[in-house]
Amino acid sequence: MSAKSPGPNDHFLNVYRRKFRAWRGTRPFWAGLLTILGGVPIAYLPYGNIKLGNLTLALATTGGAASLIIGVLLMVLGLTMWFQVHTRVFAGVAAILLALVSLVVSNIGGFVVGFLLALIGGALGVSWGEGETVPVKGRTEKEPEPAAGGGPNGVGGASVTDDLSGTSPVDGTNGRHRAG
């Protein structure tokens, strides 16, 4: 049994944490999260009342409905980045445009906090790309790794491939010399 596979003694929270980590690595998680968090202040501030002691601050404006629509759309775009990975570029561009519109429509983009979160989230969504394994140049799968000692099976001494007696660039050694 490997250290990463869930076993009978693993706590269920560790198993779910590993599954969530694997799920998070296959999609633009932070882009979606920042876009969702950017939509919250944009949608909330025109309708919410802020209490400062006995003082109630109401930020209701004529653009309240537009702010709610922009905020909800930003939250939906954030969820779209999570669950529909192939539409991340569209969702990112739409999030950037909605964040820019929120500056004019909804209390300076949720007091700039919602604007910045949605803008950064949209930019991360556009720029995110799935990680690919890139093979190392010059190596094929059939070639074994060079031994640690420089010789065959890690034993000191020269092997057939370590022969650098002719060190001219014509021989393909590019002036390398054998030390030792």
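The values are calculated or read from the model by the stated rules, or taken from the named source; none is laboratory data. Here the structure is a predicted model, which is why all the values come from computation and not from measurement. Glycine also receives a Cβ, built like all others from the backbone with ideal geometry; neighbour counts cover every protein chain displayed. Areas reflect the complete protein model, heavy atoms only, side chains present, ligands, DNA and RNA absent. Shrake-Rupley method; radii C 1.70, N 1.55, O 1.52, S 1.80 Å.
Tabulated results
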{"item": "Per-peptide average of other Cβ atoms within 10 Å, ordering 83-91, 122-130, 26-34 highest first", "result": "26-34, 122-130, 83-91"}
{"item": "Prolate/oblate/rounded call for the stretch 40-80, Cα gyration tensor, a/c under 1.5 rounded", "result": "oblate"}
{"item": "Full-extension gain in nm, Ile69 to Leu13, via 0.36 nm per residue minus C-alpha separation", "result": "16.5 nm"}
{"item": "The stretch 7-101, accessible surface, carbon-and-sulfur percent (1.4 angstrom probe)", "result": "70 percent"}
{"item": "Cα pair distances exceeding 13 angstrom across the stretch 44-120, given as percent", "result": "66 percent"}
{"item": "Relative contact order (percent, whole number), the stretch 29-78, Cα cutoff 8 Å, 6+ residue spacing", "result": "52 percent"}
{"item": "Local net charge near Thr26, Cβ-Cβ under 12 Å (Lys/Arg +1, Asp/Glu -1)", "result": "+4"}
{"item": "Förster-model FRET efficiency, 30 Å R0, Asn49 and Leu100, C-beta, rounded to 0.05", "result": "0.65"}
